[in-house]
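A.B. asks: Can you read through this structure? Questions will come right after.
Only the coordinates and a few stated rules stand behind these numbers; no lab work does. Keep in mind that what you see is a predicted model, and the values were worked out from it rather than measured. Glycine gets a Cβ as well: all are built from the backbone with ideal geometry, and neighbour counts include every protein chain shown.
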Amino acid sequence: MAERMLKFVHTPQKIPAKRAADLRVEDFDEIYRRFDPSRAAEQASRCSQCGIPFCSIHCPLGNHIPDWLRLTAEGRLEEAYELSSMTNSFPEICGRICPQDRLCEGNCVIEKGFESVTIGAVERYITDTAFEKGWVKPVRPNQERAESVAIIGAGPGGLAAAERLRRQGYQVHVYDRYDRPGGLMIYGIPGFKLEKDVVIRRWRFLEDCGVQFHLNAAIGSATGEGAISFADLRQQHAAVIIATGVYKARDIGGPGSGLGGIVPALDFLTASNRRGLNDVVPDFDSGLLNADGKRVVVIGGGDTAMDCVRTAVRQGATSVQCLYRRDRANMPGSMREVKNAEEEGVEFVWLSAPEAFLGDGQVTGVRAMRMHLGLPDTSGRQSVEPVPGSHFTLEADLVIKALGFDPEDMPRMFAEKGLEISRWGTLKVNHRSFMTPVPGVFAVGDIVRGASLVVWAIKDGQDAAAQVHDYIRLSAPVAVAAE
Ligand code: FAD
Ligand code: SF4
Ligand code: SF4
């Protein structure tokens, strides 16, 4: 083993080639190229095969990272794929969009002074190759079970649960209000981070596994012809998993906040993603949700804001500024994405908060104030205080609000009083069993955690599937209702 591994001393870290900024802003393709086989093996061989692999400990899925790195270094890619897919339902997606600097790679304890192993890029390479070589085979359960499970929401949480439950032989029905599965992976996250073909490939794969998708199917409280109520689902299925994510955009008030041209981030990103998928998007064509030829100001400092600024650049904005009330060191967004945005021409206006929106009918500017960081609050985070008399104006034709998301009122949406919510509005579950206080109803992903990460939604979905299996096995068998 030692011959092939521990190469970090002589082999420097090489991340996959990044396309030049002036070229990549011309399209919505991913910005990182793929490793070629020899580079993947070379980079995997830098791993020092730690006895206690901190990379795995800090991967939410506990991936067997050193083992699949070794198999990749030895050219045993099919085995690497099998091992990698045992713990991760969608390794090629996590390899692309996990914030590795905060998770696996950020905790790679390769000798001090050497840069981490490029774990995410290798993970992506293994499964992309597996798809191309035909090693990714549809799930064929040993035994089909009569019981069916309903999953509300086809984001990563719901899809991971679907995959695991199909492996157990359940009849899996996924309901989503949208016309394509993927949740935020299809309509939120832009193609330059995660190309849509990658998400669609998983959709097709799950269909081949026997998962039944019911699209354009919003689950709600209404009963009657055509409507699907939560109560109907409970009646028709042995268990229900709620994986509906969080979508209620936090808003901003103040003078002028009702002017035209001030739009929520997810509307803007969804329109762009739909356009990329060749859908008809009237609000994009009319210019309402299109940054082409405009001076754009994005308010917020998280990953959604980063996706908005970089989307605006690609749409042909004449200028893109990001207004954030804290400084670079204290922003929630990934540093890697800030760097990518800066390379693409985005200007960050740190320590500044909007005070009013200017314009007559249509927004023409944002009046902002400088802020400074004060004393830490009880959570340890420094407070933000305005600097008196520090007003300034940014000219803008389009203002995008990227201030985060809260959950919908789920007990009301589903007319199910038994569902309980936390003080943050998220669904309360038993953290071991993922079950809500309503028997047989489970919940996973952002609707439980609040806005989080794809990898955590996958983890919840996988774990909840195991709990649903136990729940059904221990309950009296339930017949499948006709669709
Ligand atoms: P979602 O992905 O939100 O999926 C929920 C699904 O439920 C949706 O398809 C929705 O249509 C459906 N649904 C909701 N209500 C109903 C209903 N009543 N009936 C039927 N269907 C319903 N995470 C990362 O790890 N890396 C990133 O780079 C990253 N970038 C992001 C960029 C943006 C712009 C955003 C907004 C988020 C980003 N995230 C990222 C976070 C990540 O996308 C989420 O944490 C993750 O998608 C949550 O998964 P989920 O399955 O819980 O919900
Ligand atoms: Fe790293 Fe995410 Fe892959 Fe885990 S799933 S190894 S955190 S990229
Ligand atoms: Fe390899 Fe780094 Fe993980 Fe150690 S921490 S096993 S060197 S990838």
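A.B. asks: Take the alpha-carbon positions of the chain, form their convex hull, and give its projected area averaged over all directions (one quarter of the hull surface) in nm².
C.D. replies: Average of the hull's projected areas for the chain equals 25.1 nm².
A.B. asks: Going by the alpha-carbon gyration tensor, a ≥ b ≥ c the square roots of its eigenvalues, is the stretch 27-82 rounded (a/c under 1.5) or, if a/c is not under 1.5, prolate (a/b greater than b/c) versus oblate?
C.D. replies: oblate
A.B. asks: Also: So which trypsin sites (Lys or Arg not before Pro) in the stretch 363-439 pass both tests, a DSSP loop state and at most 11 other Cβ atoms within 10 Å of the Cβ?
C.D. replies: ARG381, LYS417, ARG423, ARG432
A.B. asks: Moving on. Please identify every one of the GluC sites (Glu not before Pro) in the stretch 301-352 that sits in a loop by DSSP and has no more than 11 other beta carbons within 10 Å of its own beta carbon.
C.D. replies: none
A.B. asks: Something else now. How many percent of Cα pairs in the stretch 251-401 exceed 22 Å?
C.D. replies: Result: 40 percent of Cα pairs exceed 22 Å.
A.B. asks: What residues of the stretch 382-404 lie in the reach of a label at ASP327, counting those whose backbone N is under 14 Å from a point 7 Å from the Cα along Cα→Cβ?
C.D. replies: Residues passing the 14 Å test: 382-385.
A.B. asks: Can you show me the helix-derived [θ] at 222 nm for the chain, built from DSSP H runs with n ≥ 4 at -39,500 (n - 2.57) apiece and divided by the number of residues, rounded to the nearest 500.
C.D. replies: Only helices count here, giving -9500 deg cm²/dmol.
A.B. asks: Only sites in a loop by DSSP and with at most 10 other Cβ atoms within 10 Å count here; which GluC sites (Glu not before Pro) in the stretch 57-132 make the cut?
C.D. replies: Those that pass, being in a loop and sparsely packed, are GLU111.
A.B. asks: Output the relative contact order of the stretch 158-272, whole-number percent, from Cα pairs under 8 angstrom with separation of 6+ residues.
C.D. replies: Across the stretch 158-272, relative contact order equals 29 percent.
A.B. asks: Let me ask something else. Restricting things to alpha carbons, find the Rg to Rh ratio for the stretch 404-475 using the Kirkwood radius for Rh.
C.D. replies: Dividing the radius of gyration by the Kirkwood radius yields 0.97.
A.B. asks: Along its principal axes, what span do the Cα atoms of the stretch 7-133 show, with the longest given first and each in whole Å?
C.D. replies: 45, 34, 27 Å, listed from the longest principal axis down.
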